[in-house]
1. Could you list all residues from the range 87-110 that are crowded, with 21+ Cβ neighbours inside 10 Å and of a type in the set (A, V, I, L, M, F, W, C)?
2. If you take the residues of the range 229-249 that are more than 22 Å from the chain's Cα centre (by Cα) and assigned to a helix (DSSP H, G or I), which of them is nearest to residue 182 (Cα to Cα)?
3. I'd like the residue in the range 120-143 that is farther than 17 Å from residue 174 by Cβ and in contact with an Asp or Glu (Cβ under 7 Å, 6 or more places away or on another chain) and, out of all such residues, is nearest to ligand 4 (Cβ to nearest atom).
4. Kindly list the number of the only condition in (1) surrounded by 15 or more Cβ atoms within 10 Å (Cβ to Cβ); (2) touching a strand residue (DSSP E or B) at 6+ places or on another chain (Cβ under 9 Å) that fails for residue 52.
5. For residues that are touching a residue at least 40 places away in the same chain (Cβ under 8 Å) and over 26 Å from residue 109 (Cβ atoms), tally how many sit in the range 246-269.
6. Of these, 134, 160, which one is out of contact with any strand residue (DSSP E or B) (no Cβ under 7 Å at 6 or more places or on another chain), away from ligand 3 (no atom under 16 Å from the Cβ) and at pLDDT below 90?
7. Which residues, counting only those in the range 216-237, are more than 16 Å from ligand 4 (Cβ to nearest atom) and of a type in the set (Gly, Ala, Ser)?
Amino acid sequence: SAKDAGRDTHRFVTAEMGTRSRERLDVEASLRHALESGQLFLTYQPQVRIADGTIAGLEALIRWRHPENGAMLPGRFLPVAEESGLILPIGEWVLNEVCRQIREWQGRIGLSVPVAVNISGVQFRDSRLPGQILAALDTHGLKGPELEIEVTESVLIHNLDSTAATLRALKQRGVLVALDDFGTGYSSLSYLHRFPIDTLKIDRSFILNLESDPMARSIPRAVIGLGTALGLSVVAEGVETPGQLALLSEMKCDLAQGYLFGRPLPAAETEPLLAAGVLRPAERQTLPHIGA
Ligand code: C2E
Ligand code: MG
Ligand code: MG
Ligand code: MG
(Lines give C-alpha, C1' and ligand atoms only; values in the text may rest on other atoms or scores of the structure.)
(Ligands and ions follow the chains in the order given, each with its own letter.)
Protein backbone atom coordinates (compact mmCIF):
# COMPACT_ATOMS: atom_id res chain seq x y z
CA SER A 1 0.00 0.00 0.00
CA ALA A 2 0.91 3.64 -0.29
CA LYS A 3 1.24 3.80 3.47
CA ASP A 4 3.76 0.94 3.52
CA ALA A 5 5.64 2.49 0.66
CA GLY A 6 5.80 5.73 2.62
CA ARG A 7 7.09 3.93 5.67
CA ASP A 8 9.65 2.06 3.57
CA THR A 9 10.83 5.28 2.00
CA HIS A 10 11.11 6.77 5.45
CA ARG A 11 13.08 3.79 6.72
CA PHE A 12 15.31 3.89 3.65
CA VAL A 13 16.01 7.59 4.09
CA THR A 14 16.89 7.30 7.75
CA ALA A 15 19.10 4.27 7.07
CA GLU A 16 20.87 6.19 4.35
CA MET A 17 21.29 9.20 6.57
CA GLY A 18 22.74 6.90 9.21
CA THR A 19 25.26 5.61 6.71
CA ARG A 20 26.11 9.10 5.60
CA SER A 21 26.68 10.46 9.07
CA ARG A 22 28.72 7.37 9.94
CA GLU A 23 30.81 8.03 6.82
CA ARG A 24 31.12 11.62 7.89
CA LEU A 25 32.27 10.59 11.35
CA ASP A 26 34.84 8.28 9.75
CA VAL A 27 36.17 11.10 7.61
CA GLU A 28 36.19 13.37 10.63
CA ALA A 29 38.16 10.88 12.71
CA SER A 30 40.70 10.21 9.99
CA LEU A 31 41.02 13.94 9.29
CA ARG A 32 41.74 14.57 12.96
CA HIS A 33 44.33 11.81 12.78
CA ALA A 34 45.73 13.34 9.58
CA LEU A 35 46.27 16.67 11.33
CA GLU A 36 47.94 15.03 14.31
CA SER A 37 50.13 12.67 12.32
CA GLY A 38 51.41 15.11 9.71
CA GLN A 39 49.41 13.89 6.69
CA LEU A 40 48.35 17.45 5.80
CA PHE A 41 50.72 19.48 3.70
CA LEU A 42 50.74 22.70 1.72
CA THR A 43 51.25 23.29 -1.95
CA TYR A 44 52.07 26.69 -3.41
CA GLN A 45 50.88 28.23 -6.64
CA PRO A 46 52.64 31.29 -8.08
CA GLN A 47 50.97 34.56 -8.96
CA VAL A 48 52.77 36.08 -11.90
CA ARG A 49 53.09 39.66 -13.12
CA ILE A 50 51.63 39.51 -16.61
CA ALA A 51 53.90 42.27 -17.95
CA ASP A 52 57.20 40.50 -17.28
CA GLY A 53 56.56 37.03 -15.85
CA THR A 54 58.07 37.80 -12.46
CA ILE A 55 56.59 36.00 -9.48
CA ALA A 56 54.62 38.52 -7.43
CA GLY A 57 53.26 36.18 -4.78
CA LEU A 58 52.17 32.68 -3.91
CA GLU A 59 48.95 31.10 -2.69
CA ALA A 60 49.16 28.26 -0.18
CA LEU A 61 46.69 25.44 -0.90
CA ILE A 62 46.17 22.56 1.49
CA ARG A 63 46.43 18.88 0.54
CA TRP A 64 45.92 15.63 2.45
CA ARG A 65 48.41 12.88 1.83
CA HIS A 66 45.84 10.16 2.48
CA PRO A 67 47.29 6.73 3.21
CA GLU A 68 44.87 5.01 0.79
CA ASN A 69 43.55 7.72 -1.55
CA GLY A 70 46.83 9.53 -2.25
CA ALA A 71 46.94 13.35 -2.40
CA MET A 72 43.40 14.56 -1.68
CA LEU A 73 42.14 17.99 -2.76
CA PRO A 74 40.46 20.33 -0.26
CA GLY A 75 37.09 19.97 -1.98
CA ARG A 76 36.95 16.43 -0.62
CA PHE A 77 37.69 17.16 3.01
CA LEU A 78 37.22 20.87 3.80
CA PRO A 79 33.41 20.56 3.99
CA VAL A 80 33.76 17.97 6.77
CA ALA A 81 36.47 20.10 8.41
CA GLU A 82 34.10 23.06 8.38
CA GLU A 83 31.03 21.18 9.64
CA SER A 84 32.96 19.53 12.44
CA GLY A 85 34.92 22.57 13.54
CA LEU A 86 38.18 20.80 12.70
CA ILE A 87 38.87 23.67 10.31
CA LEU A 88 39.89 25.73 13.37
CA PRO A 89 42.92 23.63 14.39
CA ILE A 90 43.63 22.87 10.72
CA GLY A 91 43.51 26.58 9.88
CA GLU A 92 45.84 27.36 12.75
CA TRP A 93 48.23 24.69 11.50
CA VAL A 94 48.11 26.22 8.00
CA LEU A 95 48.90 29.69 9.34
CA ASN A 96 51.87 28.45 11.33
CA GLU A 97 53.17 26.27 8.54
CA VAL A 98 52.96 29.13 6.03
CA CYS A 99 54.77 31.52 8.39
CA ARG A 100 57.43 28.90 9.07
CA GLN A 101 57.88 28.34 5.33
CA ILE A 102 58.09 32.07 4.59
CA ARG A 103 60.82 32.42 7.21
CA GLU A 104 62.71 29.45 5.81
CA TRP A 105 62.51 30.85 2.25
CA GLN A 106 63.60 34.29 3.44
CA GLY A 107 66.73 32.69 4.81
CA ARG A 108 67.42 30.29 1.95
CA ILE A 109 66.49 32.30 -1.14
CA GLY A 110 65.65 35.80 0.06
CA LEU A 111 61.89 35.48 -0.49
CA SER A 112 60.44 38.94 -0.85
CA VAL A 113 56.89 38.34 -2.14
CA PRO A 114 53.84 37.68 0.02
CA VAL A 115 52.26 34.28 0.54
CA ALA A 116 48.46 34.09 0.69
CA VAL A 117 46.44 31.85 2.98
CA ASN A 118 42.76 31.01 2.50
CA ILE A 119 40.50 31.70 5.48
CA SER A 120 37.07 30.05 5.52
CA GLY A 121 33.93 31.56 7.02
CA VAL A 122 34.08 29.36 10.12
CA GLN A 123 37.61 30.57 10.81
CA PHE A 124 36.71 34.19 10.15
CA ARG A 125 33.83 34.03 12.63
CA ASP A 126 36.19 32.79 15.37
CA SER A 127 37.18 35.75 17.50
CA ARG A 128 40.56 34.13 18.14
CA LEU A 129 41.57 34.43 14.47
CA PRO A 130 43.37 37.81 14.54
CA GLY A 131 45.28 36.76 17.67
CA GLN A 132 46.28 33.48 16.00
CA ILE A 133 47.54 35.26 12.92
CA LEU A 134 49.57 37.76 14.95
CA ALA A 135 50.96 34.93 17.11
CA ALA A 136 52.01 32.92 14.03
CA LEU A 137 53.81 35.99 12.67
CA ASP A 138 55.56 36.56 16.01
CA THR A 139 56.55 32.92 16.45
CA HIS A 140 58.33 32.97 13.11
CA GLY A 141 59.76 36.47 13.35
CA LEU A 142 57.69 37.98 10.55
CA LYS A 143 56.63 41.61 10.31
CA GLY A 144 53.19 41.19 8.67
CA PRO A 145 53.26 42.23 5.00
CA GLU A 146 54.82 38.86 4.12
CA LEU A 147 51.37 37.36 4.68
CA GLU A 148 48.11 37.85 2.81
CA ILE A 149 44.75 36.42 3.81
CA GLU A 150 42.14 35.46 1.20
CA VAL A 151 38.48 35.71 2.12
CA THR A 152 35.39 35.68 -0.04
CA GLU A 153 32.94 38.54 -0.22
CA SER A 154 30.25 36.47 1.48
CA VAL A 155 32.54 35.77 4.43
CA LEU A 156 33.00 39.50 4.91
CA ILE A 157 29.34 40.43 4.76
CA HIS A 158 28.11 37.53 6.86
CA ASN A 159 30.29 38.69 9.69
CA LEU A 160 29.87 42.43 9.38
CA ASP A 161 30.37 43.14 13.10
CA SER A 162 33.61 41.26 13.47
CA THR A 163 34.89 41.97 9.96
CA ALA A 164 35.88 45.56 10.57
CA ALA A 165 37.64 44.76 13.86
CA THR A 166 39.44 41.72 12.48
CA LEU A 167 40.63 43.52 9.38
CA ARG A 168 41.71 46.52 11.39
CA ALA A 169 43.87 44.37 13.68
CA LEU A 170 45.49 42.69 10.69
CA LYS A 171 45.96 45.95 8.79
CA GLN A 172 47.72 47.48 11.76
CA ARG A 173 50.27 44.73 11.41
CA GLY A 174 50.53 45.17 7.64
CA VAL A 175 48.90 41.84 6.72
CA LEU A 176 47.45 42.03 3.21
CA VAL A 177 43.82 41.18 2.43
CA ALA A 178 42.54 39.67 -0.82
CA LEU A 179 38.93 39.16 -1.89
CA ASP A 180 38.84 35.63 -3.31
CA ASP A 181 36.47 34.41 -6.05
CA PHE A 182 35.53 38.03 -6.68
CA GLY A 183 32.32 38.52 -8.57
CA THR A 184 30.65 35.28 -7.48
CA GLY A 185 29.34 36.50 -4.13
CA TYR A 186 27.13 39.33 -3.05
CA SER A 187 29.30 41.86 -4.79
CA SER A 188 28.65 45.17 -3.19
CA LEU A 189 31.03 47.89 -4.13
CA SER A 190 30.55 49.51 -0.74
CA TYR A 191 32.90 47.16 1.07
CA LEU A 192 35.73 47.77 -1.33
CA HIS A 193 35.58 51.27 0.05
CA ARG A 194 34.64 50.34 3.60
CA PHE A 195 37.21 47.64 4.29
CA PRO A 196 40.97 47.76 3.81
CA ILE A 197 41.23 45.45 0.80
CA ASP A 198 44.52 45.13 -1.11
CA THR A 199 43.76 42.59 -3.83
CA LEU A 200 40.82 41.45 -5.98
CA LYS A 201 40.98 37.92 -7.32
CA ILE A 202 38.73 37.57 -10.36
CA ASP A 203 37.02 34.19 -10.11
CA ARG A 204 38.04 31.49 -12.55
CA SER A 205 34.50 31.24 -13.92
CA PHE A 206 34.97 34.68 -15.53
CA ILE A 207 38.25 33.65 -17.15
CA LEU A 208 37.00 30.35 -18.55
CA ASN A 209 35.11 31.68 -21.59
CA LEU A 210 37.20 34.75 -22.35
CA GLU A 211 38.33 33.45 -25.73
CA SER A 212 35.10 31.97 -27.02
CA ASP A 213 32.68 34.59 -25.76
CA PRO A 214 33.42 38.29 -26.29
CA MET A 215 30.55 39.14 -23.90
CA ALA A 216 32.40 37.26 -21.18
CA ARG A 217 35.13 39.88 -21.34
CA SER A 218 33.04 42.68 -19.90
CA ILE A 219 33.15 41.47 -16.29
CA PRO A 220 36.91 40.98 -16.02
CA ARG A 221 37.40 44.27 -17.86
CA ALA A 222 35.13 46.06 -15.39
CA VAL A 223 36.78 44.45 -12.35
CA ILE A 224 40.24 45.33 -13.64
CA GLY A 225 39.14 48.93 -14.24
CA LEU A 226 37.57 49.16 -10.79
CA GLY A 227 40.54 47.60 -9.02
CA THR A 228 42.99 49.80 -10.84
CA ALA A 229 40.96 52.93 -10.09
CA LEU A 230 40.94 52.02 -6.39
CA GLY A 231 44.67 51.25 -6.36
CA LEU A 232 44.19 47.52 -5.74
CA SER A 233 46.10 44.60 -7.22
CA VAL A 234 43.99 42.47 -9.51
CA VAL A 235 44.71 38.77 -9.97
CA ALA A 236 43.01 36.67 -12.65
CA GLU A 237 42.44 33.15 -11.28
CA GLY A 238 42.50 29.96 -13.32
CA VAL A 239 44.44 31.23 -16.33
CA GLU A 240 45.05 28.15 -18.47
CA THR A 241 45.68 29.29 -22.03
CA PRO A 242 47.95 31.75 -23.87
CA GLY A 243 44.81 33.24 -25.44
CA GLN A 244 43.31 34.07 -22.03
CA LEU A 245 46.62 35.59 -20.97
CA ALA A 246 46.80 37.75 -24.09
CA LEU A 247 43.28 39.09 -23.48
CA LEU A 248 44.06 39.82 -19.82
CA SER A 249 47.22 41.58 -20.84
CA GLU A 250 45.23 43.70 -23.30
CA MET A 251 42.85 44.56 -20.45
CA LYS A 252 45.84 45.68 -18.37
CA CYS A 253 45.36 43.05 -15.69
CA ASP A 254 48.38 43.03 -13.29
CA LEU A 255 48.60 39.46 -12.19
CA ALA A 256 47.68 35.96 -13.30
CA GLN A 257 47.47 32.67 -11.44
CA GLY A 258 46.71 29.37 -13.10
CA TYR A 259 47.90 26.17 -14.69
CA LEU A 260 49.41 28.13 -17.59
CA PHE A 261 52.15 29.27 -15.21
CA GLY A 262 52.09 26.32 -12.88
CA ARG A 263 50.06 23.99 -10.77
CA PRO A 264 50.24 24.17 -7.01
CA LEU A 265 53.45 22.36 -5.99
CA PRO A 266 54.94 21.24 -2.67
CA ALA A 267 57.45 23.62 -1.06
CA ALA A 268 60.52 21.71 -2.25
CA GLU A 269 59.42 21.97 -5.89
CA THR A 270 58.32 25.59 -5.50
CA GLU A 271 61.67 26.74 -4.14
CA PRO A 272 63.65 26.60 -7.43
CA LEU A 273 60.89 28.53 -9.21
CA LEU A 274 60.99 31.18 -6.52
CA ALA A 275 64.76 31.33 -6.66
CA ALA A 276 64.59 31.91 -10.43
CA GLY A 277 61.91 34.55 -9.83
CA VAL A 278 60.45 34.43 -13.35
CA LEU A 279 57.97 32.05 -14.95
CA ARG A 280 57.22 31.57 -18.59
CA PRO A 281 53.75 30.48 -19.61
CA ALA A 282 53.68 26.82 -20.59
CA GLU A 283 53.48 26.09 -24.32
CA ARG A 284 50.61 23.72 -23.79
CA GLN A 285 48.00 23.82 -21.08
CA THR A 286 48.32 20.09 -20.46
CA LEU A 287 51.80 20.18 -18.90
CA PRO A 288 51.38 18.52 -15.51
CA HIS A 289 54.10 20.58 -13.84
CA ILE A 290 56.22 23.52 -14.85
CA GLY A 291 59.53 22.10 -15.94
CA ALA A 292 58.28 18.52 -15.89
P1 C2E B 1 40.61 29.07 -4.09
O2 C2E B 1 41.20 29.78 -2.95
O3 C2E B 1 39.75 29.85 -5.02
O4 C2E B 1 41.85 28.42 -4.87
C5 C2E B 1 41.95 28.29 -6.26
C6 C2E B 1 41.68 26.87 -6.69
O7 C2E B 1 41.79 26.78 -8.11
C8 C2E B 1 42.68 25.86 -6.16
O9 C2E B 1 41.99 24.61 -5.99
C10 C2E B 1 43.69 25.74 -7.30
O11 C2E B 1 44.42 24.53 -7.29
C12 C2E B 1 42.75 25.81 -8.48
N13 C2E B 1 43.41 26.29 -9.70
C14 C2E B 1 44.47 27.11 -9.81
N15 C2E B 1 44.76 27.35 -11.11
C16 C2E B 1 43.85 26.68 -11.84
C17 C2E B 1 43.62 26.54 -13.25
O18 C2E B 1 44.33 27.10 -14.10
N19 C2E B 1 42.58 25.74 -13.62
C20 C2E B 1 41.78 25.12 -12.70
N21 C2E B 1 40.81 24.35 -13.15
N22 C2E B 1 41.97 25.24 -11.36
C23 C2E B 1 42.98 26.03 -10.95
P24 C2E B 1 42.23 23.70 -4.69
O25 C2E B 1 43.68 23.71 -4.33
O26 C2E B 1 41.54 22.41 -4.94
O27 C2E B 1 41.47 24.51 -3.55
C28 C2E B 1 40.07 24.67 -3.61
C29 C2E B 1 39.57 25.63 -2.55
O30 C2E B 1 39.80 25.11 -1.24
C31 C2E B 1 40.31 26.97 -2.57
O32 C2E B 1 39.76 27.79 -3.60
C33 C2E B 1 40.03 27.47 -1.18
O34 C2E B 1 38.74 28.06 -1.11
C35 C2E B 1 40.01 26.19 -0.37
N36 C2E B 1 41.30 26.01 0.33
C37 C2E B 1 42.47 25.53 -0.16
N38 C2E B 1 43.42 25.52 0.79
C39 C2E B 1 42.85 26.00 1.91
C40 C2E B 1 43.33 26.23 3.26
O41 C2E B 1 44.49 26.04 3.61
N42 C2E B 1 42.43 26.72 4.16
C43 C2E B 1 41.13 27.02 3.81
N44 C2E B 1 40.31 27.49 4.76
N45 C2E B 1 40.65 26.82 2.56
C46 C2E B 1 41.51 26.32 1.62
MG1 MG C 1 42.17 31.43 -2.63
MG1 MG D 1 39.63 31.67 -5.68
MG1 MG E 1 37.26 29.21 -4.16
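1. Across the range 87-110, the qualifying residues are 87, 90, 94, 95, 98, 99, 102, 105.
2. Once the filter is applied, the top-ranked residue is 229.
3. It comes out as 120.
4. Among (1) surrounded by 15 or more Cβ atoms within 10 Å (Cβ to Cβ); (2) touching a strand residue (DSSP E or B) at 6+ places or on another chain (Cβ under 9 Å), the lone unmet condition for residue 52 is (1).
5. Final tally of qualifying residues: 3.
6. Values: 134 fails: at pLDDT below 90.
It is 160.
7. 216, 218, 222, 225, 227, 229, 231, 233
Each row is one residue, and each column tells you yes or no for (1) among the small types (Gly, Ala, Ser); (2) more than 16 Å from ligand 2 (Cβ to nearest atom).
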| residue | (1), (2) |
| --- | --- |
| 152 | no, no |
| 155 | no, no |
| 158 | no, yes |
| 161 | no, yes |
| 176 | no, no |
| 181 | no, no |
| 184 | no, no |
| 190 | yes, yes |
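The values are calculated or read from the model by the stated rules, or taken from the named source; none is laboratory data. Quick caveat: nothing in here was measured; it's all calculated off a predicted structure. Counting neighbours? That spans all protein chains shown, and the Cβs are built from the backbone with ideal geometry, glycine included.
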